[in-house]
Amino acid sequence: MPRRMSVPLSNLPPGTDALRLRGNLEIYWDRISVAYAEDLPEVKRVDLPPVAARLAQTGFPKRLTFPQARPGYDYRTRTPFWDTRAMAGFYTRLGLVDDLVSEADDALAIIGSGEEIHLEFEAPAEPPQGWTRRLVLESRGWTKDMDLYTKDGETLAPIPETGRDSAWPQALHAAYNNRWRDGR
């Protein structure tokens with residue numbers, strides 16, 4: 001699946017223009033860049049809290065295959081079913097899920113295949129003349145698959161935790177994560 005990521009590389013010697021990557025995964029890279037941080041004294045960050053978050057079953061978009069087997073999806077053409085199985089466990093109920101996505105805590109919105117969370121934000125104020133606005137969605141979460149080598153890959157449990165106070169996330173999970181799917 002296509003991914004974009006950034007990784008901080010501390011202590012690179014000045015002028016570094018080559019990196020060696022080693023691993024045991026089959027990964028296809030189409031571009032790797034090294035960017036050096038710059039001081040930007042006039043940058044202004046504005047956090048926009050979500051004003052609405054809804055979980056819905058939306059179906060599966062038509063899969064497209066681009067050059068080099070890069071996948072793509074046509075969201076205008078959807079089917080309600082696909083050849084996927086669900087892990088057994090309690091998923092988040094359909095509907096509003098604002099409390100689960102408003103804070104970075106151990107409370108999770110648990111969604112399955114063919115589902116999505118629709119987020120809405122208030123439009124930020126127009127930037128001053130000569131400025132450019134960039135919107136960045138920052139999210140925290142985890143993904144678990146049913147791969148043969150995934151520990152407990154047939155079930156949603158165990159759910160990861162950070163070790164912080166768990167009373168609030170547990171209360172949210174009890175209220176929201178109560179839609180059982182038996183793994184078929």
Pick from 108, 135, 40: which residue has the top mean-square fluctuation in a GNM of the chain where Cα pairs under 10 Å get a spring?
-> 40
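By counting other Cβ atoms within 10 Å of each Cβ, how are 51, 7, 101 ranked from fewest to most? Write down the numbers at each step before the final one.
Values: 51 11, 7 5, 101 20.
Result, fewest neighbours first: 7, 51, 101.
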Projected label distance in nm at residue 83 and residue 99, using a 7 Å step from Cα toward the beta-carbon = 4.1
Each label sits 7 Å from Cα toward the beta-carbon; between residue 4 and residue 73 the label points are separated, in nm, by 1.7
Taking every C-alpha to C-alpha distance in the range 39-162 and binning by 10 Å from 0, the per-bin percentages run 10, 29, 33, 21, 7, 0
Förster radius 30 Å - calculated FRET efficiency between residue 12 and residue 133, Cβ distance, rounded to 0.05 = 0.50
Could you name the lysines in cross-link range of residue 62, using Cα to Cα under 24 Å and dropping any fewer than eight places away on the same chain?
-> 144
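Where a number appears in this text, it was derived from the coordinates with a stated rule and is not lab data. The structure presented is a predicted model; accordingly, all values stated were derived computationally and were not measured. Here the Cβ is made from the backbone with ideal geometry for all residues, glycine too, and neighbour counts use every protein chain on show.
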